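Remarks on the structure that follows.
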Amino acid sequence: MQLTILGCHSATPRISAHQTSQVLEIKNHVFLIDCGEGTQVQLRKYKVKFNRIKHIFISHLHGDHYFGLVGLVSTFRLLTRETDLHIYGPKGLEEVITLQMKLGGSWTNFKLIFHELTSKESKLIYEDDTVEVHTIPLKHRVYTNGFLFKEKTGERMLDMDAILDDNIHTAYYRKLKQGADIINEDGVLVKNKDVTIAPSKPKSYAFCSDTVYTESIVPLIKDVDLLYHESTFLEKHEKNAFPTKHCTAKQAASIAKKAHAKQLVLGHFSTRYDDLSEFITEAQEVFEPVDIAAAGKVFKV
Ligand SMILES: [Zn+2]
């Protein structure tokens with residue numbers, strides 16, 4: 001599983017401060033999470049293939065999280081995309097995107113499928129054989145969701161040396177991957193555990209931006225491998241956090257600690273800060289394994 005940060009600043013875009021957007025590669029999926037202004041340029045810069053993006057998740061309708069979406073959809077159209085595009089986001093997103101397309105006299109040559117999110121409770125919004133995606137209801141000035149991406153437990157892996165030693169026909173490989181014991185070519189019972197290897201532990205990633213400090217998310221993100229949590233402010237500006245429904249670095253660290261996250265990534269920095277290293281210093285007073293997001297930075301799990 002690999003997370004690439006495309007942008008991690010709040011408010012207004014600047015030359016070196018791109019707005020929220022990230023790409024999660026998980027089990028052959030390329031999921032785009034939020035789509036701030038300029039996201040398509042960042043996708044090109046970090047060489048993410050446009051046609052591999054089939055699902056886009058939008059947390060909320062503040063501009064720094066989705067003003068790049070209509071531009072990206074329009075570019076997909078110009079590139080003669082044919083693949084369906086699924087967009088998950090708050091009620092109203094479909095209306096605003098389709099209105100912009102309509103007023104421009106254009107429409108997509110691919111299927112644009114909106115999945116409207118309205119629930120204030122966590123919901124399973126995407127699932128296939130390998131992954132599932134759940135919403136993480138957040139507390140912000142407008143209706144907002146974070147997203148929890150979870151791998152499913154994979155099939156057992158074949159130990160080819162053991163399989164060849166045990167004279168097992170290839171027709172049984174499928175059953176072995178599914179955990180069954182089988183009879184080999186010599187009519188002997190072969191125990192599954194002797195010829196297969198347990199799959200690696202499923203990984204998880206939680207994206208939590210934007211939100212005021214809320215412990216209500218802790219049970220939803222318990223034991224997550226990688227947590228991205230917004231930290232718009234440093235402690236010296238804590239008085240700004242609650243009224244704007246944002247967090248400080250220390251508050252984000254507190255959530256990571258309570259959730260037993262394995263690693264925390266801070267982001268959504270206010271553009272008032274030039275030196276972001278203070279975010280790490282403040283967070284590490286509470287939670288040690290912390291890093292800061294930066295455009296182009298890759299986190300592997
Ligand atoms: Zn916001």
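Which one of the conditions (1) assigned to a loop (DSSP other than H, G, I, E, B); (2) closer than 19 Å to T211 by Cβ; (3) among the aliphatic types (A, V, I, L, M) does A295 fail to meet, given that it meets all the rest? Going through (1) assigned to a loop (DSSP other than H, G, I, E, B); (2) closer than 19 Å to T211 by Cβ; (3) among the aliphatic types (A, V, I, L, M) one by one, A295 breaks only (2). Of the listed requirements (1) more than 16 Å from the ligand (Cβ to nearest atom); (2) in a loop (DSSP other than H, G, I, E, B); (3) at negative phi, D194 misses just one: (2). Every listed requirement among (1) closer than 21 Å to T211 by Cβ; (2) exposed (fewer than 15 other Cβ atoms within 10 Å of the Cβ); (3) out of contact with any Ser or Thr (no Cβ under 8 Å at 6 or more places or on another chain) is met by K45 save one, (1). Considered as a group, the residues in the stretch 232-266 that are assigned to a strand (DSSP E or B) and touching a helix residue (DSSP H, G or I) at 6+ places or on another chain (Cβ under 9 Å) include one that is farthest from the ligand (Cβ to nearest atom), and that residue is Q263. Candidates are the residues of the stretch 231-283 that are at positive phi and in contact (Cβ under 8 Å) with a residue 60 or more places away in the chain; the one that is least open to solvent (accessible area, probe 1.4 Å) is H268. Contact map, the stretch 127-145: residues that are under 16 Å from H65 (Cα atoms) paired with residues that are of a type in the set (D, E, K, R) and within 11 Å of the ligand (Cβ to nearest atom), Cβ distance under 8 Å, separation 6+ or inter-chain. Pairs shown: L138/D210; K139/K245; H140/D210; H140/K245; R141/K245; T144/D210. For beta carbons closer than 6 Å, sequence separation of 6+ or different chains, a first residue in the stretch 168-181 that is in contact (Cβ under 8 Å) with a residue 40 or more places away in the chain and a second that is aromatic (F, W, Y), there are no qualifying pairs. Looking across the stretch 71-95, the residues that are of a type outside the set (G, A, S), open to solvent by less than 30 Å² (accessible area, probe 1.4 Å) and more than 17 Å from the chain's Cα centre (by Cα) come down to L72, V73, T75, F76, R81, L93. With the condition kept exactly as written, say whether any residue in the stretch 32-40 is open to solvent by 20 Å² or more (accessible area, probe 1.4 Å) and more than 16 Å from V73 (Cβ to Cβ). No, the stretch 32-40 has no match at all.
Can you find a residue in the stretch 145-164 that is touching a Ser or Thr at 6+ places or on another chain (Cβ under 6 Å), within 16 Å of the ligand (Cβ to nearest atom) and open to solvent by 40 Å² or more (accessible area, probe 1.4 Å)? No, the stretch 145-164 has no match at all.
The set of residues in the stretch 205-230 that are open to solvent by less than 10 Å² (accessible area, probe 1.4 Å), away from the ligand (no atom under 16 Å from the Cβ) and in a loop (DSSP other than H, G, I, E, B) contains only V224. Number of residues in the stretch 106-154 that are acidic (D, E), in contact with a strand residue (DSSP E or B) (Cβ under 9 Å, 6 or more places away or on another chain), over 20 Å from G92 (Cβ atoms) and not in a strand (DSSP E or B): the value is 1. If only residues of the stretch 43-64 that are farther than 15 Å from F31 by Cα and within 11 Å of the ligand (Cβ to nearest atom) are counted, the one that is nearest to the chain's Cα centre (by Cα) is H60.
The values are calculated or read from the model by the stated rules, or taken from the named source; none is laboratory data. Not measured: the values here are computed from a predicted model. Cβ atoms come from the backbone with ideal geometry, glycine included; neighbour counts cover every protein chain shown. Note: accessible area is taken over every heavy atom of the protein model, side chains too, but ligands, DNA and RNA are not part of it. Shrake-Rupley method; radii C 1.70, N 1.55, O 1.52, S 1.80 Å.
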